[in-house]
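Since the structure comes first, as structure tokens, the remarks are kept for the end.
Taken together, the values in this text are just the output of simple stated rules run on the coordinates, not laboratory data. These figures come from a predicted structure and were not determined experimentally. All Cβ positions, even for glycine, are placed from backbone atoms using ideal geometry, and neighbour counts span all protein chains on display.
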Amino acid sequence: MGETDLFDVRVTQVTWCSPGVLAFTLAAVDGHALPGYQPGAHVSVHLPVSGKPDRVRAYSLVNTDPGNDPSTPQRCYRIAVRRDDAGTGGSLHLHESVRPGDVLRISPPKNAFALGETEGVILLAGGIGVTPILTMAAALQRQGLPFTFHYAARSRDEAVFLEELRQLCGERLNLHIDEEAGRHLDLGSVLPAGPARPVYVCGPKPMIDAAVRHAATLGWPADSVKFELFGADIANQNQAGYEVVLQFSDKSVFVRPGQALLDVLIDEDVDLPYDCRAGFCGLCRVKVLEGEVNHNDTCLTDADRTQRRYMQACVSHAACSRLVLDL
């Protein structure tokens with residue numbers, strides 16, 4: 001992870017956008033404009049930890065104003081952070097300790113979930129996954145391009161940026177509330193039969209998996225569905241914990257339930273590059289010498305996983321009690 005391109009921003013506003021989710025508005029400390037970005041981009045927030053490397057978390061940049069072109073220099077950034085009490089402390093620090101006036105260190109915007117095809121776009125989001133999708137909707141509206149927006153949340157209270165979403169999308173918004181419908185979103189009502197259309201989806205892994213499967217049943221090309229999966233949703237799939245042997249460091253460590261392998265490696269001072277923490281940038285790839293893996297990334301090929309035996313440390317986990325890594 002490069003340190004030379006990091007810069008400081010000041011928190012100018014902190015607001016609740018749903019119970020458990022805080023929105024942070026960030027401006028350059030020196031008062032200058034911030035770099036522009038494309039819809040789907042994120043910044044990495046570096047949180048200092050005493051005596052250890054910074055804790056780094058990636059957050060999507062949120063823009064709900066169709067009059068603002070985010071590709072131009074920006075007056076401010078906005079990110080949304082969901083509190084995760086079972087996580088490794090990044091969201092807890094931001095929720096409990098960061099207030100207006102505080103300074104954070106962030107990376108320039110990066111994008112591995114770019115809005116490409118724009119003809120007849122279907123936008124699909126679940127929970128906190130609405131953040132990059134909102135920015136895509138604002139961009140499409142600014143360009144006068146048609147789109148439909150499907151947003152699923154467990155309850156109206158938990159729907160993030162709901163009022164801004166309504167103002168932005170109007171009749172193009174299809175809101176699905178699980179507790180009111182008595183079931184999860186039916187992907188058959190979201191992805192219609194007919195010619196393939198570009199789909200951009202961000203949310204929990206079951207939603208993304210269902211979208212990919214349904215598109216396949218319609219005969220749509222595999223690349224019709226572009227998706228981003230938030231790292232916290234994947235880390236929480238590690239329910240049992242497992243041992244990791246670092247072959248060439250002659251170390252053995254334990255990954256606790258709900259913990260990301262990458263965080264354990266960072267705590268052990270393993271020199272491993274990383275950025276997105278969501279399985280799409282490919283930087284934290286490690287070679288598996290022994291053991292089976294549950295892969296949750298979006299960057300490795302099937303050959304990378306099965307023949308070359310790689311895994312992404314930020315999001316993937318052991319499917320067994322012990323992994324041996326080439327580290």
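Key figures
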item: Lysine pairs with alpha-carbon atoms under 24 Å apart, the chain, spacing 8 or more or separate chains; result: 6
item: Listed peptides 14-20, 89-95, 310-316 by packing density, highest first (mean Cβ within 10 Å); result: 310-316, 89-95, 14-20
item: Cysteines in the chain lacking a second Cys C-beta under 4.7 Å; result: C17, C76, C169, C202, C284, C299, C314, C320
item: The stretch 234-325: Cα Rg divided by the 2.2 N^0.38 Å rule of thumb; result: 0.95
item: The chain - convex hull of the alpha-carbon atoms, volume per residue in Å³; result: 137
item: Fewest-first sequence of V130, V45 by Cβ atoms within 10 Å of each Cβ; result: V45, V130
item: Sequence-distant residues sharing a close amide H with N294 (under 5 Å, placed H); result: H317, A318, A319
